[in-house]
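The values are calculated or read from the model by the stated rules, or taken from the named source; none is laboratory data. Bear in mind the structure is a predicted one, so any value in this text is a computation, not a measurement. So basically every Cβ, Gly included, is an ideal-geometry build from the backbone, and we count neighbours across all protein chains shown.
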Amino acid sequence: MSNVHPYVGRATPRVDGPLKVSGLATYAAEFFAEDMLYAAAVPATIAKGRIKRIDLSAAKGAPGVVEILTHENRPEIPEDDAPYLNDMVAVPGSPFRPLRNDKVLYSGQAIALVIADSHENARHAASLVTAEFEVETPTVDVADARSTAYEPPVPRDGIPPPPPPRGDAEATFKGSEIRLKHDYRVAPEHHNPMELQATTVVWEGGGALTIHNKTQGVINPKNYICSVFSLDPEKVRVVSPFVGGAFGMALRPHYDLFLAVLAAIKLERSVRLVLTRGQMWTMGWRPDTLQTVALSADADGKLTSVSHHAIQATSQFEDYQEPIVNWSGLIYDCPNVSLKYELAKLDVSTPSDMRAPGATTGVYALEAAMDELAYELKMDPLELRLKNYAEKDGNDDKPFSSKELRAAYEQGAKRFGWSERSPEPRSMKEGKELVGYGVATGCWEAMMQPHSARAALSADGRLEVACGTADIGTGTYTILAQIGADAFGLPIEEVTAKVGDTSLPMAPVEGGSWAAASAGNAVQLACAALKEELLKAARGLDDSPLANADVAHVTFADGKIALTSDPEKSVSYADALKAAGSERLEAKGDFAPDGEFAEKYASYTHSAVFAEVRVDEELGVVRVERIVSAVAAGKILNLATARSQILGGVVMGVGMALHEESVWDKSLGRIMNANLGEYHVPAHADIHDIDVIFVDEEDKANPMGVKGLGEIGIVGAAAAVANAVFHATGKRIRELPITIDKLL
Ligand code: MOS
């Protein structure tokens with residue numbers, strides 16, 4: 001590729017692309033160590049009760065078995081009685097401790113760990129472990145636990161509970177002529193990234209461990225392991241350069257990490273544990289939720305009240321929270337708002353963040369209800385949304401730092417051809433198929449977190465930019481390299497980006513769509529500091545042509561620092577390094593969100609999603625013909641990776657609307673479709689045209705004006721599809737996914 005600046009803002013190909021497509025990128029289960037052992041976890045076959053007896057005799061006699069750990073022989077750990085384990089994204093409650101005692105809290109819970117000389121031998125021996133249980137009747141459906149719902153006593157760290165009511169939504173609703181109240185439900189989902197959850201622990205000797213763990217942030221497994229096993233942080237390094245998709249499931253440490261480290265310490269050997277595809281359903285998931293939305297409006301479509309109540313599933317041992325209802329208080333302008341959020345405990349594993357946690361589910365219900373209101377008013381659904389456009393965040397009573405949603409509606413509608421929609425349901429047809437158009441709004445927080453980064457220039461002319469964040473497939477490597485390349489006027493091939501290693505400068509987990517803004521600005525700051533260092537060195541040369549220059553008056557390009565007003569006066573990077581007497585010059589950048597700014601402004605990304613579906617009424621088959629997603633997300637760093645983020649989000653939204661559902665058997669308390677054959681995610685044949693628009697939006701919440709894109713693509717996508725299904729068929733299905741049986 002050519003040395004054309006700026007890279008930032010352009011569709012720069014992924015710098016890690018060649019490694020990934022050639023198989024050279026190394027994932028957690030692909031690191032090797034001398035003499036490594038392989039572990040396999042044995043799942044409980046009941047969902048609630050206790051283990052009466054475990055029979056290990058057959059497994060112990062199987063080939064290659066080295067050790068089997070159960071609750072009866074697992075070493076005690078210092079943190080067994082601690083109320084919390086050190087997990088940066090823990091939720092209130094008492095985190096699960098594998099093999100601690102004989103209790104079974106959810107189906108598939110690991111009840112034994114077999115360690116053998118090969119993966120195959122470990123898996124085989126694990127299949128020979130049998131257990132007898134004392135079985136209690138589990139509850140696994142949130143509707144069956146409705147009467148036990150409670151408001152979470154302790155809010156989750158960093159996640160605001162619903163705001164107090166404003167106005168009087170109930171009285172307004174009662175006094176309204178135009179009103180509706182409906183129940184909505186979204187099926188529980190599991191993330192299903194391609195890469196299985198896995199940990200490879202390399203026993204380095206002397207108590208030192210190098211851990212390769214599938215994670216969205218290396219610092220979290222490191223802190224967790226050090227605290228759980230009382231290890232010296234100096235002796236533990238987590239290195240996880242590549243992540244094969246995660247979507248939130250790898251934010252928290254999982255039992256593979258705990259068990260692999262437990263076994264490595266016990267046996268003083270390197271150990272790898274890869275969970276099976278089925279075991280991917282034994283951890284974090286998008287929780288099952290019961291939602292009720294009530295809306296009222298005056299005759300010209302102005303909302304007079306919004307009420308949103310949700311009951312969401314959690315486990316018996318933790319209060320996982322993603323207050324689903326919050327966005328209903330800020331997407332539209334409305335004086336009377338009542339939001340209520342409750343939990344209900346089930347005999348399941350603790351749910352977790354999954355791409356736009358809370359908003360994905362809650363905004364679906366709000367946007368479906370808004371669509372219903374539009375039909376009741378005989379008003380264009382897009383016009384209804386514009387009529388109620390929020391100029392400020394009603395929850396916090398703050399202006400937005402920027403909000404170009406209006407432009408997103410306009411550009412999206414134009415690209416889609418929304419004006420060609422005929423208003424009546426069932427009024428559009430092509431051949432044997434009914435045609436439907438649907439629209440929905442999306443909204444997600446534009447968050448930031450403190451991040452540190454390092455930039456280093458070496459004598460061979462290469463720049464390295466490094467930050468302990470992760471690239472979960474989002475394009476982090478590429479945007480960091482772009483920022484570095486632009487800062488020093490280098491071809492991007494001469495920039496190395498490093499992430500995913502606890503020896504790099506500190507970053508929290510990559511989540512919440514905050515990585516691009518946070519790590520990006522940190523790298524930008526590190527590069528600015530490095531420029532100062534380099535110029536200082538150049539100034540120090542004998543008879544330096546830049547003797548009195550300051551950084552504002554020089555240009556960094558083509559391997560040299562030149563006076564902007566007189567480019568003949570220059571010092572090469574190599575000479576500056578020599579003057580510094582160093583092979584490598586480095587500088588750090590520390591980024592932190594501007595607290596004062598956040599006091600004054602609310603920052604969100606927005607989207608307008610338009611969907612066209614075709615429904616074959618005889619077969620009940622829904623095909624999503626095309627989707628236009630118009631996104632307002634501040635400065636776009638890389639049009640290619642940004643577009644991919646939105647495409648991925650939209651595809652997951654189509655999955656939520658039409659396909660995805662983890663199905664529990666109520667009497668066994670077990671997920672019956674814990675495999676990719678029966679848990680349907682959209683395949684290529686399900687996805688047709690997806691068109692992504694980024695509208696111009698200038699934002700000042702951080703120096704680069706970046707808002708983040710990992711999550712906004714999914715929010716609203718399922719509602720747009722579901723609303724299009726109604727427009728096509730006249731059938732309002734309020735339970736996702738809209739499968740054939742519900743339409744026929
Ligand atoms: Mo995201 S659900 O914070 O990985």
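For the range 299-356: of the residues being out of contact with any helix residue (DSSP H, G or I) (no Cβ under 8 Å at 6 or more places or on another chain) and β-branched (Val, Ile, Thr), which is nearest to the ligand (Cβ to nearest atom)?
Once the filter is applied, the top-ranked residue is Thr350.
Just name the residue that is nearest to the ligand (Cβ to nearest atom) out of those in the range 244-261 that are hydrophobic (A, V, I, L, M, F, W, C) and within 20 Å of Tyr106 (Cβ to Cβ). Break it down stepwise before answering.
The first filter runs over the range 244-261 and keeps only residues hydrophobic (A, V, I, L, M, F, W, C), leaving 246-247, 249-251, 257-261.
Going one step further and asking which of them are within 20 Å of Tyr106 (Cβ to Cβ), we end up with 249-251, 257-259.
Numbers: Met249: 8, Ala250: 8, Leu251: 6, Leu257: 17, Phe258: 21, Leu259: 23 Å.
So the residue we want is Leu251.
When you go through Ala657, Ala728 one by one, which is the residue that is away from the ligand (no atom under 16 Å from the Cβ), outside any loop (DSSP other than H, G, I, E, B), touching a helix residue (DSSP H, G or I) at 6+ places or on another chain (Cβ under 9 Å) and under 15 Å from Arg623 (Cβ atoms)? Give the derivation first.
On the way: Ala728 fails: touching a helix residue (DSSP H, G or I) at 6+ places or on another chain (Cβ under 9 Å).
Among Ala657, Ala728, only Ala657 is away from the ligand (no atom under 16 Å from the Cβ), outside any loop (DSSP other than H, G, I, E, B), touching a helix residue (DSSP H, G or I) at 6+ places or on another chain (Cβ under 9 Å) and under 15 Å from Arg623 (Cβ atoms).
Return a yes/no flag: does the range 532-540 have any residue that is within 16 Å of the ligand (Cβ to nearest atom), at pLDDT 95 or above and either over 22 Å from the mean Cα position of the chain (by Cα) or surrounded by fewer than 24 Cβ atoms within 10 Å (Cβ to Cβ) (or both).
At the first step, the residues of the range 532-540 found to be within 16 Å of the ligand (Cβ to nearest atom) are none.
No, every residue in the range 532-540 fails to be within 16 Å of the ligand (Cβ to nearest atom), at pLDDT 95 or above and either over 22 Å from the mean Cα position of the chain (by Cα) or surrounded by fewer than 24 Cβ atoms within 10 Å (Cβ to Cβ) (or both).
Under 6 Å between Cβ atoms, which residue pairs at least 6 apart in sequence (or on different chains) link something in the range 577-596 that is within 17 Å of Ala537 (Cα to Cα) with a partner that is of a type in the set (Asp, Glu) and surrounded by 15 or more Cβ atoms within 10 Å (Cβ to Cβ)?
Filtered contacts from the range 577-596: Leu585/Glu533; Ala587/Glu533.
Ala459 is checked against (1) of a type in the set (A, V, I, L, M); (2) within 16 Å of the ligand (Cβ to nearest atom); (3) touching a helix residue (DSSP H, G or I) at 6+ places or on another chain (Cβ under 9 Å) and fails just one. What number does that condition carry?
Failed condition: (2).
Take Thr70 and tell me if it is surrounded by 14 or more Cβ atoms within 10 Å (Cβ to Cβ) and either out of contact with any helix residue (DSSP H, G or I) (no Cβ under 7 Å at 6 or more places or on another chain) or among the small types (Gly, Ala, Ser) (or both). Walk me through how you get there before you give the answer.
Working: surrounded by 14 or more Cβ atoms within 10 Å (Cβ to Cβ): yes; either out of contact with any helix residue (DSSP H, G or I) (no Cβ under 7 Å at 6 or more places or on another chain) or among the small types (Gly, Ala, Ser) (or both): yes.
Considered against the rule, which asks whether it is surrounded by 14 or more Cβ atoms within 10 Å (Cβ to Cβ) and either out of contact with any helix residue (DSSP H, G or I) (no Cβ under 7 Å at 6 or more places or on another chain) or among the small types (Gly, Ala, Ser) (or both), Thr70 comes out as yes.
Every residue, every condition in (1) under 21 Å from the mean Cα position of the chain (by Cα); (2) more than 20 Å from Ile111 (Cβ to Cβ); (3) of a type in the set (D, E, K, R), yes or no:
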{"site": "Ala263", "(1), (2), (3)": "no, no, no"}
{"site": "Glu268", "(1), (2), (3)": "no, yes, yes"}
{"site": "Val274", "(1), (2), (3)": "no, no, no"}
{"site": "Ala294", "(1), (2), (3)": "no, yes, no"}
{"site": "His309", "(1), (2), (3)": "no, yes, no"}
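Taking the condition within 16 Å of the ligand (Cβ to nearest atom), closer than 30 Å to Pro508 by Cβ and surrounded by fewer than 24 Cβ atoms within 10 Å (Cβ to Cβ), does Glu445 pass? Steps first, please.
Values: within 16 Å of the ligand (Cβ to nearest atom): yes; closer than 30 Å to Pro508 by Cβ: yes; surrounded by fewer than 24 Cβ atoms within 10 Å (Cβ to Cβ): yes.
Spelling it out, Glu445 is indeed within 16 Å of the ligand (Cβ to nearest atom), closer than 30 Å to Pro508 by Cβ and surrounded by fewer than 24 Cβ atoms within 10 Å (Cβ to Cβ).
Return the only residue of Pro241, Pro193, Pro160 being under 28 Å from the mean Cα position of the chain (by Cα), in a loop (DSSP other than H, G, I, E, B) and away from the ligand (no atom under 16 Å from the Cβ).
The conditions single out Pro241.
In the range 239-265, which residues are under 15 Å from Val201 (Cα atoms) and of a type in the set (Phe, Trp, Tyr)?
Tyr255, Phe258
Please specify each residue of the range 319-336 satisfying the condition of being farther than 20 Å from Glu445 by Cα and either surrounded by 21 or more Cβ atoms within 10 Å (Cβ to Cβ) or modelled with pLDDT under 95 (or both).
Going residue by residue through the range 319-336, those that are farther than 20 Å from Glu445 by Cα are 319, 335-336.
None; the set is empty.
Any residue in the range 494-512 that's within 14 Å of the ligand (Cβ to nearest atom): show its pairings with residues that are of a type in the set (Lys, Arg) and not in a helix (DSSP H, G or I) at Cβ separation under 9 Å, as long as the two are six or more apart or on different chains.
From residues that are within 14 Å of the ligand (Cβ to nearest atom), the pairs are Val509/Arg252.
Go through the range 669-689 and give me each residue that's of a type outside the set (Lys, Arg) and crowded, with 20+ Cβ neighbours inside 10 Å. Break it down into steps so the answer makes sense when it comes.
Step one: of the range 669-689, the residues of a type outside the set (Lys, Arg) are 669, 671-689.
Selection gives Gly669, Ile671, Ala674, Tyr679.
How many residues are within 16 Å of the ligand (Cβ to nearest atom) and either crowded, with 24+ Cβ neighbours inside 10 Å or more than 20 Å from Glu204 (Cβ to Cβ) (or both) when one looks only at the range 217-238?
Of the residues in the range 217-238, the ones within 16 Å of the ligand (Cβ to nearest atom) are 217-221.
Next, from what is left, pick out any that are either crowded, with 24+ Cβ neighbours inside 10 Å or more than 20 Å from Glu204 (Cβ to Cβ) (or both): 217-218, 220-221.
Residues in the range 217-238 being within 16 Å of the ligand (Cβ to nearest atom) and either crowded, with 24+ Cβ neighbours inside 10 Å or more than 20 Å from Glu204 (Cβ to Cβ) (or both): 4 in total.
Could you tell me whether the range 359-368 includes any residue that is away from the ligand (no atom under 16 Å from the Cβ) and surrounded by fewer than 24 Cβ atoms within 10 Å (Cβ to Cβ)?
no
Does the range 129-140 contain any residue that is closer than 28 Å to Ala33 by Cα, in a loop (DSSP other than H, G, I, E, B) and over 29 Å from the mean Cα position of the chain (by Cα)? Write out each step before concluding.
Here is the first cut: in the range 129-140, the ones closer than 28 Å to Ala33 by Cα are 129.
Filter once more, so that each one left must be in a loop (DSSP other than H, G, I, E, B): 129.
Next, from what is left, pick out any that are over 29 Å from the mean Cα position of the chain (by Cα): 129.
Yes, because at least one residue in the range 129-140 is closer than 28 Å to Ala33 by Cα, in a loop (DSSP other than H, G, I, E, B) and over 29 Å from the mean Cα position of the chain (by Cα).
Got at least one residue in the range 474-494 being among the hydrophobic types (A, V, I, L, M, F, W, C), farther than 21 Å from Pro6 by Cα and crowded, with 21+ Cβ neighbours inside 10 Å? Give the steps one after another, and end with the answer.
We begin by selecting, within the range 474-494, every residue among the hydrophobic types (A, V, I, L, M, F, W, C); these are 479-481, 483, 485, 487-488, 490, 492.
Narrowing further to those that are farther than 21 Å from Pro6 by Cα: none.
No.
Considering only the range 488-518, state which residues are assigned to a helix (DSSP H, G or I), touching a Phe, Trp or Tyr at 6+ places or on another chain (Cβ under 8 Å) and within 14 Å of Gly708 (Cβ to Cβ).
Filtering the range 488-518 down to residues assigned to a helix (DSSP H, G or I) leaves 488, 492-494, 515-518.
With touching a Phe, Trp or Tyr at 6+ places or on another chain (Cβ under 8 Å) added as a condition, the list becomes 488, 492, 518.
If the condition is that a residue be assigned to a helix (DSSP H, G or I), touching a Phe, Trp or Tyr at 6+ places or on another chain (Cβ under 8 Å) and within 14 Å of Gly708 (Cβ to Cβ), then Ser518 is the only one that fits.
Taking the options Thr496, Thr502, name whichever one is within 30 Å of Ala90 (Cβ to Cβ) and of a type in the set (Ser, Thr, Tyr). Walk me through it before giving the result.
On the way: Thr496 fails: within 30 Å of Ala90 (Cβ to Cβ).
Every option except Thr502 fails the conditions.
For residues that are buried (at least 19 other Cβ atoms within 10 Å of the Cβ) and modelled with pLDDT under 95, tally how many sit in the range 582-635.
0
Taking the range 513-531, which residues are within 13 Å of the ligand (Cβ to nearest atom) and under 16 Å from Lys588 (Cα atoms)?
Result: Ser518, single match.
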